[in-house]
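Asker: Sharing a structure, written as structure tokens. Questions coming.
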Amino acid sequence: MNEIWAVVHAERAALIRDLETLPTERWATPSLCPGWDVHDVVAHLADDAKTTRLGFLLRLAAARFDFDRYNTAGIARERTDEPQLTLAAFRATSHRTTSAPVPKATRLVEAFVHGEDIRRPLGLNRDYPVAHVATALRYQISTGAALGGGKERAHGLRLMATDASIDAGEGPEVRGTALALLLAVSGRPIGSDELTGPAAPALTRNGGPHHG
């Protein structure tokens, strides 16, 4: 568990470094999450880093157990008029180890998927730790969409990572890096050349992204 938090902290720090010199106007770039721009995703990450078990339950109840409403309220709390102030709030919470009452693998999903939600539209690249991306992928394909996972998208497919020891599911094959597969099962758009195999088109159209 401590290893997961070490990875999460490293990913938060790397993202903060990437955004420290980002021009103000580019914070309005649409992210891979429909309806969220880069600034919104950073505000969400700041809110997520502050989340405690009790705070999550209270705020989810206040949102009438609607996760979209819950996330919208969190962004409203953390998003400021100045992107660098929002980034500063994220930096101030980036070493925390508090979380909603969810499996710790979700922290890896948040770090990698939201990292790409931001970086890809901005043309930024990062080499993520493949073993931990594989952990996030295994979690996503075993978790239903209602809880932010990608089990339904992966259903009936055989997912084979080209850079990790993942060969999961039964059915037509989809091959790609663990990161490409993670993004696809999380409902994110990816490049047409990132997945191969007879079922690659099916995976990329198996539903839209989940905010989380």
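The values are calculated or read from the model by the stated rules, or taken from the named source; none is laboratory data. Treat the numbers as computed from the prediction; the structure is a model and nothing was measured. When we count neighbours, we look across all protein chains shown, and the Cβ atoms used for this are built from the backbone with ideal geometry, even at glycine. Each accessible area value is taken on the protein alone, full model and side chains, heavy atoms only, with ligands, DNA and RNA left out. Shrake-Rupley method; radii C 1.70, N 1.55, O 1.52, S 1.80 Å.
Asker: Which ones in the range 46-77 are outside any loop (DSSP other than H, G, I, E, B), touching a residue at least 40 places away in the same chain (Cβ under 8 Å) and open to solvent by less than 20 Å² (accessible area, probe 1.4 Å)?
Answerer: 46, 49, 71
Asker: Related question: Could you list, in sequence order, all residues of the range 144-165 that are in contact with a strand residue (DSSP E or B) (Cβ under 7 Å, 6 or more places away or on another chain) and either open to solvent by 30 Å² or more (accessible area, probe 1.4 Å) or part of a loop (DSSP other than H, G, I, E, B) (or both)?
Answerer: Within the range 144-165, 157, 158, 160, 162 meet the criteria.
Asker: If you go through the range 122-133 one residue at a time, do you hit one that is touching a residue at least 60 places away in the same chain (Cβ under 8 Å), in contact with a Ser or Thr (Cβ under 7 Å, 6 or more places away or on another chain) and either open to solvent by less than 20 Å² (accessible area, probe 1.4 Å) or among the acidic types (Asp, Glu) (or both)?
Answerer: Yes, the range 122-133 contains a residue that is touching a residue at least 60 places away in the same chain (Cβ under 8 Å), in contact with a Ser or Thr (Cβ under 7 Å, 6 or more places away or on another chain) and either open to solvent by less than 20 Å² (accessible area, probe 1.4 Å) or among the acidic types (Asp, Glu) (or both).
Asker: Based on what the data block shows, is residue 168 crowded, with 21+ Cβ neighbours inside 10 Å, modelled with pLDDT of 95 or more and in contact with a helix residue (DSSP H, G or I) (Cβ under 8 Å, 6 or more places away or on another chain)?
Answerer: Against the criterion (crowded, with 21+ Cβ neighbours inside 10 Å, modelled with pLDDT of 95 or more and in contact with a helix residue (DSSP H, G or I) (Cβ under 8 Å, 6 or more places away or on another chain)), residue 168 does not qualify.
Asker: Turning to a different aspect of this structure: Checking residue 17 against (1) more than 23 Å from residue 147 (Cα to Cα); (2) part of a helix (DSSP H, G or I); (3) touching a helix residue (DSSP H, G or I) at 6+ places or on another chain (Cβ under 8 Å); (4) not small (Gly, Ala, Ser), which test does it fail?
Answerer: So residue 17 meets the others, but not (3).
Asker: Let me ask another. In the range 91-107, is there at least one residue being of a type in the set (Ser, Thr, Tyr), within 30 Å of residue 60 (Cβ to Cβ), open to solvent by 70 Å² or more (accessible area, probe 1.4 Å) and more than 14 Å from the chain's Cα centre (by Cα)?
Answerer: Among the residues of the range 91-107, at least one is of a type in the set (Ser, Thr, Tyr), within 30 Å of residue 60 (Cβ to Cβ), open to solvent by 70 Å² or more (accessible area, probe 1.4 Å) and more than 14 Å from the chain's Cα centre (by Cα), which makes the answer yes.
Asker: Kindly evaluate residue 113 against the criterion of being open to solvent by less than 40 Å² (accessible area, probe 1.4 Å) and in a strand (DSSP E or B).
Answerer: no
Asker: Still on this model: Would you mention how many residues in the range 78-110 are assigned to a loop (DSSP other than H, G, I, E, B) and among the acidic types (Asp, Glu)?
Answerer: 2
Asker: Identify the residue in the range 86-111 that is of a type in the set (S, T, N, Q) and more than 19 Å from residue 40 (Cα to Cα) and, among all such residues, is modelled with the lowest pLDDT.
Answerer: 99
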